[in-house]
Amino acid sequence: GESGGMADLFAWTFLDDGTLVFGLTATCVEEGRVGVVYVQARRREDRSDLIFTVGDLILLPTGQYPAICCEPAVAHLGGTDLFNVMRFQGDASRGVYATRYATMSRDGGLTWSAPEPLRYDDGTTVWTPASYSQFVESSKTGRTYWLANILSEPVHGQMPRYPLTIAEFDTEHCCILRNTVRTIQDLPDGAPLQRRYTNWGSYEERGTGDFVLTLPEQPKHMDFTAMTRPEDFTADCIRYRIQI
């Protein structure tokens, strides 16, 4: 009854010493707000159990509306340095755009810098809907990439969730390299406008070093607002292979 946390898919990484660090969407009852928290997990010396250490809660300033960040994604920068981005829900009535807020940690996720918008290497804001994102590191190139629904202009809400894109993340300057943004999947002709290319599963294939993404191509035939029967929610599962 004091606080709670929810795991948001792929927000985890390992520090150089083998410590597992993972991010959660957290509700702080005392603050009355939702934010993000990272947890360190280390094995005891006798390897009998795990010791968990919970970091500080990442919150937006109380004057920011809506003051909620969730669904973290994390990139390991080396040593105990981490970079975190979070989904942010906009609000049309107040003229607030959806975007990504970013923070940095120098101690493995225990404390974080003040949240700031995620930016390109030219200093401009990276626009996305309020949707899921993920950092992936390639063992083939040694570079870090960001999977997200990157848009050409801002929106206030959670749509559209296309195109599905990939871009290189500059781990030295902590920004997205604009000229590396590539479209994996855009909205096909005739598809419902509420079609979402999001909430994927992913892995790096052993041997080839390719990234493989799996996701439901939903909604399949009609927008969510038109669905009335359980079978209307049936959709194909798509597998994408990304050669780096």
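Read the figures in this text as sums done on the coordinates, not as results from a lab. On a predicted model such as this, the values are computed, not experimentally measured, just so you know. Neighbour counts run over all protein chains shown; Cβ positions are idealised from the backbone, glycine included.
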Item to check | Residues whose placed amide H lies under 5 Å from that of Phe88, excluding near-sequence neighbours | outcome: Thr99, Tyr101, Ser131
Checklist entry - Using the scaling law 2.2 N^0.38 Å as the reference, what is the normalised Cα Rg of the chain? => result 1.04
Checklist entry - In region 150-232, which trypsin sites (Lys or Arg not before Pro) are in a loop and have at most 12 other Cβ atoms within 10 Å, using DSSP for the loop call? => result Arg206
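Going by the alpha-carbon gyration tensor, a ≥ b ≥ c the square roots of its eigenvalues, is region 24-143 rounded (a/c under 1.5) or, if a/c is not under 1.5, prolate (a/b greater than b/c) versus oblate?
Here region 24-143 falls in the oblate category.
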Next on the checklist: Rounded to the nearest 20 debye, what is the charge dipole size of the chain about its Cα centre when +1 sits on each Lys and Arg Cβ and -1 on each Asp and Glu Cβ?
Outcome noted: 360 debye
Checklist entry - Which value results for Rg/Rh of region 177-225 when Rg is the Cα radius of gyration and Rh the Kirkwood radius based on the inverse mean 1/r? => result 1.07
Next on the checklist: Can I get the semi-axes of region 3-46's equivalent ellipsoid? Compute them from the C-alpha gyration tensor as square roots of 5 times the eigenvalues, in angstrom, largest first.
Outcome noted: 25, 12, 7
Checklist entry - Measuring from centroid to centroid over Cα atoms, what is the spacing of region 94-119 and region 177-201 in Å? => result 24 Å
Item to check | Dipole of region 178-244, positive direction: furthest Cα of Ile238, Leu193, Thr208, with charges on the beta-carbon | outcome: Thr208
Item to check | Projected area averaged over orientations for region 85-124, convex hull of C-alpha atoms, nm² | outcome: 3.7 nm²
Next on the checklist: For region 128-244, take every pair of Cα atoms, bin their distances at 5 Å starting from 0, and report each bin as a whole percent.
Outcome noted: 2, 11, 19, 22, 19, 13, 8, 4, 2, 0
Item to check | Under-5 Å amide H pairs with His156, H placed in peptide plane, nonlocal only | outcome: Ala98
Checklist outcome for this item: Sorting Ile68, Ser3, Ser113 by the position of each Cα along the dipole of the chain (Lys, Arg +1; Asp, Glu -1; all at Cβ), the one nearest the positive end of that ordering is Ile68
Checklist entry - For the chain, what's the relative contact order in percent, using C-alpha pairs closer than 8 Å and at least 6 residues apart? => result 11 percent
Checklist entry - So how far apart, in nm, are the two label points at Asn179 and Ala114 if each is 7 Å from Cα heading toward Cβ? => result 3.3 nm
Item to check | Net charge dipole size for region 86-208 [Lys, Arg +1 and Asp, Glu -1 on Cβ; Debye, nearest 20] | outcome: 280 debye
